[in-house]
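Values quoted throughout were computed directly from the atomic coordinates according to the rules given, and no laboratory measurement underlies them. Please read all numbers here as calculations on a predicted model, not as lab measurements. For neighbour counting, all protein chains shown are included, and Cβ atoms are generated from backbone atoms with ideal geometry for every residue, glycine included.
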There are 2 protein chains.
Amino acid sequence: MICLTAILATSLSDAHGDEGMWLFNDLPLAMLKERYGFEPSNEWAEHLMKSSVRFNVGGSASFISSTGLVLTNHHVGSDTLFKLSTPERNIMEVGFLAKTPDQELKAPDLELNQLVNIKDVTDVVKASVTDGMSTEQAVAARRAVIARIEKAALDESGLKSTVTTLYGGGRYHLYQYKKYTDVRLVWAPETAIAFFGGDADNFEYPRYCLDATIFRVYEDGKPAKIEHFLKWSANGPEENEVAFVSGNPGRTSRIFTMDALKYQRDLNLPYIMANLRRQEILLQQYALRGKENARRARDELFGVQNSRKARLGMLAGLQDPQVLADKAAAEAKLREIIAADPKLKALGSAWDTIAETTKKRASLLGKGVAINSQLYNIALELVQMAEEDQKPSGERLPEFSDAGRESLLQQLYSEAPIYTDLDQTLLGDSIAKTLEQRGFDDPVCQKILAGKSPADRAAELISGTELLSVEARKKIAAGGIQAINDSKDPLIMLAKIVNPPIRRIRSITDQLDEQDKQAYALIAEAKFATQGTSAYPDATFTLRLAFGPVKGYEQDGQQIPAWTNVGGAFEHEKQHEGQTDYKLPESWKKAESKLSKTTPFNFVSTADIIGGNSGSPVVNKAGELVGLIFDGNVQSLSGNYVYTDKQARSVSVHSSAIREALQVVYGADNIVKELGQ
Amino acid sequence: MICLTAILATSLSDAHGDEGMWLFNDLPLAMLKERYGFEPSNEWAEHLMKSSVRFNVGGSASFISSTGLVLTNHHVGSDTLFKLSTPERNIMEVGFLAKTPDQELKAPDLELNQLVNIKDVTDVVKASVTDGMSTEQAVAARRAVIARIEKAALDESGLKSTVTTLYGGGRYHLYQYKKYTDVRLVWAPETAIAFFGGDADNFEYPRYCLDATIFRVYEDGKPAKIEHFLKWSANGPEENEVAFVSGNPGRTSRIFTMDALKYQRDLNLPYIMANLRRQEILLQQYALRGKENARRARDELFGVQNSRKARLGMLAGLQDPQVLADKAAAEAKLREIIAADPKLKALGSAWDTIAETTKKRASLLGKGVAINSQLYNIALELVQMAEEDQKPSGERLPEFSDAGRESLLQQLYSEAPIYTDLDQTLLGDSIAKTLEQRGFDDPVCQKILAGKSPADRAAELISGTELLSVEARKKIAAGGIQAINDSKDPLIMLAKIVNPPIRRIRSITDQLDEQDKQAYALIAEAKFATQGTSAYPDATFTLRLAFGPVKGYEQDGQQIPAWTNVGGAFEHEKQHEGQTDYKLPESWKKAESKLSKTTPFNFVSTADIIGGNSGSPVVNKAGELVGLIFDGNVQSLSGNYVYTDKQARSVSVHSSAIREALQVVYGADNIVKELGQ
């Protein structure tokens, strides 16, 4: 049960327009009332919260029927679509429809979470760190108290229980989730229409994408009975109608100090971009070798391209002198007010702390072990799990705590296919990258290579490992630290070589994170003291509410309308004739004459979203589903650091387009019948 | 007139197999006699030398008729094919054939060079640098004497005269060229067959590429009369027959010390690769926006991809511990011998010098101004030319000396199209890169940005410049330094901002180059003293002779045959059905039934080549054309540092395939008639 408390909207001194990713237990009621004449009831909020679903692979979703149907984006589901595909049944390419529940395909390792409870545990967590503790002690103390809270909550409720750090360390809330691990695929369209326009149209607008997929959650082998789900709106939103987005924005950095932002701009983002480009070219080259290669690489390639494009937008934002000018002015003003106030003066040290941690982060950048492949990651996880399990839960690295064990093992023991040729390509290149980062003559690098070239070494490791077999993984895990010590599996042996330097760097970054947490907690205090407690916290891949009207914008002197329609997709295809990713699927060509061309297809609104929001339901004041978030336009990408609503927009699939396509293109009457039931 | 002198083959202590890119005035006659029973006459060598042609854009070629026909690769000619293309006449895509001379298309800015004379000027150049000179003085002295030699040679002969540094500074030779600047396109096949298999097949073998194009040189508006040209062989080479390659290998680094190689491996190549990947993704993204964009970006994209793949191969070679082990052992042995010999001992300092210069190079890496676009480069050239022209020729930066002026102006005043949207994209990204390299707050960066984002600044610069007009360029150039000082053209103004830091870095690297030259001259002396003067110098984009038998190799347990044939191309298409770049052009489909499928298509030999050799004629002992170099396989790429002949191969188009295609596919009877005439 969550509680809505009234707060003052007027005190939001540095928020703009519809800025805000609001906590469900701290909604801006006064602002909603003032701006949109809307007073959501506790029931409205609770219903929306419990109708919302989180995809742990990194996306959002919603329940859309009492019978367990879950709506999300095609690109959120694509990890599963890819794992369920084979060369003979390429779901990514041809789509999928189960006409009856027994045709539904079980996802090999999906976990969906429904948020059911939020509790503020700030006082308990903060009390664990006392004056005079070293940073290392503080890390351990905070880790221990969080593990204890999570374990107790799990034991008491049986719910997945996670303590979330908010306001960069200013608040700690315990989030409790009902977990669904039996998830089955019901419907997916072809990638050709889900991602119409491909990488070129990604983050652009106007768009014409049916970026939607439907799963169903099961319990005890039967479709789960769902109490809270969203009814389908009859017609979707009007122009300028306020729309609400309930989803899990992954990460924003709006609390960042100027020093932290400059580190992102000058060092970290360029470094990440270089890595993404490297990965992109590598996967492209692998995919060029043949059609099956292209299929195998597609999911990862999409992820890398998407990330590259998103980060380019973030970097472009930071490289615009005018974007940071506002930030700098607001920070200077805040620091001035604090410095002048004897009660607040001490908080000023936070900025110096972050300047320091930022310098240390810069010195570590590109110094780590960059090895990366699915089988290698499994090996490293087995090695670290065996080590960590020798300690009590509270002293372990958080990902190995008792509370998270079930989710961890679901991934580790997944039967999803691993393509060894692709994995070997990734492993070889990432070994080469490690040499470049640490220097060829570095002793760890020499041990990694064992006298061979990166490519030859990768071939030897992949052909020699047994970890492709889930049984082999389980056997090693069951043997604990002794099995790890005795293992002659070449990937386990590699993981043992790189584990010590990886842990060394992890320990340093954990301490830097702790210092940042303490510093941002002070900055949050400073903001609470000067701006009221009304500010929303940065995104943390937990459920938030955003909102804003459906409306277009001006670009290069042209008015971009809020809507596209189904007919526009056919025109868009014509305009890009012969180009890759601009070919509508056969199913749409066949259905063209039966489709209503005026049905709205995609639309934009000013709601404040970011990566992780993909798949979020968009609802109206009545709580009905009117759309499905799938993207932000390129102007929205600097939203990681700064929200604007001049041109930045979230992009949704219109609810009517999904229904129309299900009926007319895919003949999915069975699904349409279930919607809203 | 060149002279062949007998040298001892047996003294080549660290050369392997057919290693060697030999100077035409210092051919390994004894080795050829011993190994291949072949004693080339002076006339044989002179004929081959004068039949060889250099493309100044970076490739090789040969005269193939008395009527001025020049054969090179499609990918060497593609720069010109691209410049001659328009959306309506896309020569890159559909190919080209002039049935009569008046249909031939004049290249906007091609310069071809025919080497006619080589003279050793080592003593004069070395004498200019005396003991006690500072590095700066040495740079100036060497620059002055070289400019004087070149100017005198030009004035005396009217020939383009260039002093080439050989053995990293051990020898200086004056090369004199007859220049052809009226060059016209006669025939080009479609890119689909010239580059069949695209980026995926590039640097791979077996191959099926008709990577050939024919130009014609003109003098006084008429086809030039050519004395030395290659006759077409009746059948091409036999298996294991020795084949000779006469071309211009661009650059090798086989004299590099271990310190210099480690710098390449650990820092320079990874840095270059990151830049290439960035450029590749940028161009891909630009090309995705539409078909015309793809056409505009294609030439540069090919260059970047080709370079990226080549350098990946080089880096992979250096990252193989076994490749460098030989190098390290040979270096240690040489240093040991020197150290033990009182007469040679002083030479040992060379390695320390290079260790030092290498460290300084590392400290400069990625600190420069990275701005890059065609129009910006023109602006910078105009600014620097005006500055340099205030000094006498011998004191200028070499590219602005009197001897090279004609070639410089041909490029600067080229009427080849510049696409401003593409140029703006390149400019914006390279400004962003400069910010990342130098740091956003760097004063030069702040001046570059002028308060705008990189993208906005690029838009402003490109829309404001007049340099798209060749007349405007000429006018500024005519006005000298005063015109530069007065110019309000935004790109000229930008060039003035960045010119000082660019010159500062240039001055430092010039001095490092000078120190390296002096050091490598000592190492060359050490090698001459211990191994005889038989060693060939590293490649310098000047004419060299390489040779080796036509033969296959073993890979992954399979025997790769020396030849492919025309029928194989059709099979290769089938195996890669539906993949980009694996579609044979319509012309080949139509001609399929008439083509002799057993005609050899591509072949490999052990001849020692590298980038720049593309387009080199391959001849037999009789001096007849048997092939056309167009690639090396992936195993050959580490040849930049180390030659091997275990798997490394040069890849050629077979002469018979070119003739067959001209006749059967393209109906170019007019060309076939001229061949060998």
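Note on the protein assembly as shown: with charges restricted to the Cβ of Lys and Arg (+1) and Asp and Glu (-1), its dipole about the Cα centre is near 700 debye.
Find which of A:Leu261, A:Val304, A:Gly317 sits farthest along the positive direction of the dipole of the stretch A:260-356, computed with +1 on the beta-carbon of Lys and Arg, -1 on that of Asp and Glu, about the Cα centre. Of the options given, the answer is A:Val304. The Cα center of the stretch A:605-640 and the Cα center of the stretch A:132-210 differ in position by 17 Å. Taking the fewest neighbouring Cβ atoms within 10 Å as the starting point, the ordered list for B:Trp44, B:Trp22, B:Trp588 is B:Trp44, B:Trp22, B:Trp588. Tell me, how many Å apart are the Cα centres for the stretch A:583-604 and for the stretch B:77-119? Cα centres, the stretch A:583-604 to the stretch B:77-119: 46 Å. Our Cα-only numbers for the stretch A:374-509 put the radius of gyration and Dmax at 15.0, 42 Å. For chain A, the relative contact order is 25 percent, taking Cα pairs closer than 8 Å that sit 6 or more residues apart in sequence and dividing their mean separation by the residue count.
Measuring between alpha carbons in the structure, the pairs from B:Lys83/B:Lys452; A:Lys391/A:Lys475; B:Lys367/B:Lys447; B:Lys119/B:Lys621; A:Lys517/A:Lys646; B:Lys222/B:Lys475 lying more than 22 angstrom apart are B:Lys83/B:Lys452; B:Lys119/B:Lys621; A:Lys517/A:Lys646; B:Lys222/B:Lys475. For the stretch B:497-561, the convex hull drawn through the C-alpha positions has a volume of 224 cubic angstrom per residue.
Counting 0.36 nm for each residue step from A:Ala346 to A:Thr598 and taking away their Cα separation leaves a gain of 84.7 nm.
The Cα-based radius of gyration of chain A, divided by its Kirkwood radius, gives an Rg/Rh of 0.95. For the stretch A:238-312 versus the stretch A:553-580, the spacing of their alpha-carbon centroids is 24 Å.
When the chain is fully extended, how far beyond the present Cα-Cα distance does B:Lys367 get from B:Ala622, taking 0.36 nm per residue of separation? Additional length available on full extension: 86.6 nm. Convex hull volume per residue, computed on the Cα atoms of the stretch B:31-88, equals 125 Å³. Here the 3J(HN,Hα) profile of the stretch A:210-223, calculated from phi with Karplus coefficients 6.51, -1.76 and 1.60 at θ = phi - 60°, is 9, 7, 9, 8, 10, 10, 9, 8, 10, 9, 6, x, 10, x Hz, Gly and Pro shown as x. Kirkwood-type hydrodynamic radius, the protein assembly as shown: 34.5 Å, calculated from all non-identical alpha-carbon pairs.
Non-local lysine pairs in the stretch A:260-356, meaning eight or more places apart or on different chains, with alpha-carbon distances under 19 Å, amount to 4. Under 5 Å between amide hydrogens, built in the peptide plane, is the criterion, and for A:Asp182 it picks out A:Tyr218 among residues at least 5 positions away or on other chains. Annotation for the stretch B:61-133: trypsin sites (Lys or Arg not before Pro) lying in DSSP loop with at most 16 further Cβ atoms inside 10 Å of their Cβ are B:Arg89, B:Lys99. Length gained on full extension, B:Lys589 to B:Asp120: 163.5 nm, using 0.36 nm per residue less the C-alpha separation.
Computed over the stretch B:290-433, the P(r) curve from all C-alpha pair distances, binned at 10 Å from the origin, holds 8, 19, 27, 23, 17, 5, 1 percent per bin. Given a Förster distance of 51 angstrom, what is the FRET efficiency for A:Phe570 paired with A:Leu468, based on the Cβ-Cβ distance and rounded to 0.05? After rounding to 0.05, the efficiency reads 0.70. Taking amide H atoms as placed 1.01 Å from N in the peptide plane, the amide H of A:Val163 lies under 5 Å from those of A:Tyr175, each 5 or more residues away in sequence or on another chain. Averaged over the residues of peptide B:278-291, the number of Cβ atoms from other protein chains lying within 10 Å of each residue's Cβ is 5. Each of B:Ser60, A:Ser407 was scored by other Cβ atoms within 10 Å of its Cβ. Listed from fewest to most, they are A:Ser407, B:Ser60. Net charge dipole, the stretch A:374-509: roughly 360 debye, given to the nearest 20, about the Cα centre with Cβ charges of +1 for Lys and Arg and -1 for Asp and Glu. Gyration tensor analysis over the Cα atoms of the stretch B:223-290 returns equivalent ellipsoid semi-axes of 38, 26, 15 Å (largest first, whole Å). An ellipsoid equivalent to the stretch A:367-416, defined through the eigenvalues of its Cα gyration tensor, has semi-axes of 20, 16, 8 Å when rounded to whole angstrom and sorted largest first. What separates the A:Gln410 label point from its copies, with the point 7 Å along Cα to Cβ, is 6.8 nm, written shortest first. Residues A:Thr465, B:Thr606, ranked from the fewest to the most other C-beta atoms within 10 Å, line up as A:Thr465, B:Thr606. With the convex hull constructed from alpha-carbon coordinates only, the stretch A:260-356 shows a mean projected area of 7.9 nm² over all directions.
With 10 Å bins beginning at zero, the pair-distance distribution over Cα atoms of the stretch B:48-131 amounts to 14, 37, 25, 12, 8, 4, 0 %. Between copies, the label points of A:Ala339, set 7 Å from Cα on the Cα→Cβ line, lie 6.0 nm apart, reported in increasing order to one decimal in nanometres.
Amide H contacts for B:Gly247 (H built 1.01 Å from N in the peptide plane; partners 5 or more residues away or on another chain; cut-off under 5 Å): B:Arg544, B:Ala546. Within the straight-line cut-off of under 12 Å between alpha carbons, the aspartates and glutamates reachable from A:Lys597 are A:Glu571, A:Glu660, sequence neighbours fewer than 8 places apart in one chain being disregarded. Backbone phi angles across the stretch A:167-174, fed through the Karplus curve with coefficients 6.51, -1.76 and 1.60 (θ = phi - 60°), yield HN-Hα couplings of 6, x, x, x, 9, 10, 10, 8 Hz in residue order; Gly and Pro are listed as x.
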